């Protein structure tokens, strides 16, 4: 059983943070806003209803804000590393709805009228994006690579040729096991 305090700690950063962000950019000349969500808002997560709800809020907020004429995109990320059977089931569920695409970064996509999900794989030893950047002998996706993934998703979904990303904080690196594969 999860108590209300725990639920609040999970919901607050995404819900309150999004509302504050919307307030901060309200008077700015912001062409569009990108929110980082999770596919758990669509496929669920065993024992993580609070996390699923927080991400569903981001998706719904993006849809509402976009419908009001302020371009907004919610990117639903999948797990970055393997964390067990629940992730495998979620991947199978998503795989059933994905279409294979010819894109340098993305392997599949799923789109509806108001949502788009793009998925790809990074392979150590064959993808220059991670092979050109090593930390302590481990292939890493550099911050510019993460930015490029976000930019490419926005370009594909929104049909824009240029994207401006401001005040971006990258909290942790994306490592790929030597000889391994990481899905995003």
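The values are calculated or read from the model by the stated rules, or taken from the named source; none is laboratory data. Every value quoted in this text rests on a predicted model; they were computed, and no experiment measured them. Note that we place each Cβ from the backbone using ideal geometry, even for glycine, and neighbour counts take in every protein chain shown.
Being modelled with pLDDT under 85 and not in a loop (DSSP other than H, G, I, E, B) is a condition met by at least one residue of the stretch 169-180. Being surrounded by 13 or more Cβ atoms within 10 Å (Cβ to Cβ) and not in a strand (DSSP E or B): is that true of residue 30 here? Judged against the criteria, residue 30 is a match. Can you work out which of the residues in the stretch 33-55 that are more than 14 Å from the chain's Cα centre (by Cα) and assigned to a loop (DSSP other than H, G, I, E, B) is surrounded by the fewest Cβ atoms within 10 Å (Cβ to Cβ)? Looking at the filtered set, the residue picked out is 47.
When each of 94, 58 is tested for being assigned to a helix (DSSP H, G or I), touching a helix residue (DSSP H, G or I) at 6+ places or on another chain (Cβ under 9 Å) and modelled with pLDDT under 85, the lone residue that passes is 94.
Of the residues making up the stretch 169-184, those that are touching a strand residue (DSSP E or B) at 6+ places or on another chain (Cβ under 9 Å) and without any contact (Cβ under 8 Å) to a residue 24 or more places away in the chain number 0.
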